Amino acid sequence: VLHLYQMLMHSTPVAEGWLNYLTAIRHKTSLPGAMRELIIMRVALLNNAPYEADQHAPIALREGVSQAKLDALPNWQDCPLFDARERAVLAYTDAMTRQVQVSDEVIAFVAAHFEPRRLVELTATVAAYNMVSRFLEALQIHSHDAR
């Protein structure tokens, strides 16, 4: 059992809600898996949440995110590997994570690439993984912890 879930099990109602919400984000939205994982990896990077990154890097690779893109995430703005849609997603992820409020320019950029359902799912994914990273870091949950 992952360290995260070991901690969550101290509160069964929280664990149940968490699992339902994150299962919906990971498995029931219409976002492509590679896009979801780019979001998760960028949030982990911005929030200095290595456990989240450690858990999701292999998933990102399985979902089709290249190692080169994962390596380029710290400086994605300067990297030609990311297409316009990915740039919109990463700009939106950065704004939601760093400033919380999203500028008109960034929302217009991302909305140009996504219909309302996907925009909602994209927003929920960024928000959910900000929750995850904040939970992990506040409780100091790390990959090297003893089980």
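Tell me, which helices (runs of 4 or more DSSP H) wholly within segment 28-92 include 2 or more residues that are within 18 Å of residue 127 (Cβ to Cβ) and either of a type outside the set (Gly, Ala, Ser) or at pLDDT below 95 (or both)?
In segment 28-92, the matching helices (runs of 4 or more DSSP H) lie at 33-46, 50-62.
Examine segment 64-73 for a residue that is open to solvent by less than 30 Å² (accessible area, probe 1.4 Å) and of a type in the set (Ser, Thr, Tyr), and state whether such a residue exists.
Looking through segment 64-73, none of the residues is open to solvent by less than 30 Å² (accessible area, probe 1.4 Å) and of a type in the set (Ser, Thr, Tyr).
If residue 10 satisfies all but one of (1) open to solvent by 70 Å² or more (accessible area, probe 1.4 Å); (2) modelled with pLDDT of 95 or more; (3) outside any helix (DSSP H, G or I), what's the number of the condition it fails?
All conditions are met except number (2).
Return the total of residues in segment 99-141 being of a type in the set (Gly, Ala, Ser), under 17 Å from residue 32 (Cα atoms) and open to solvent by less than 40 Å² (accessible area, probe 1.4 Å).
Counting residues in segment 99-141 that are of a type in the set (Gly, Ala, Ser), under 17 Å from residue 32 (Cα atoms) and open to solvent by less than 40 Å² (accessible area, probe 1.4 Å) gives 2.
For residue 4, work out the one condition from (1) within 16 Å of the chain's Cα centre (by Cα); (2) at pLDDT 95 or above it doesn't fulfil.
Condition (2) is where residue 4 drops out.
The values are calculated or read from the model by the stated rules, or taken from the named source; none is laboratory data. If you're wondering where the values come from, they're calculated on a predicted model, not measured in any experiment. All Cβ positions, even for glycine, are placed from backbone atoms using ideal geometry, and neighbour counts span all protein chains on display. Note: accessible area is taken over every heavy atom of the protein model, side chains too, but ligands, DNA and RNA are not part of it. Shrake-Rupley method; radii C 1.70, N 1.55, O 1.52, S 1.80 Å.
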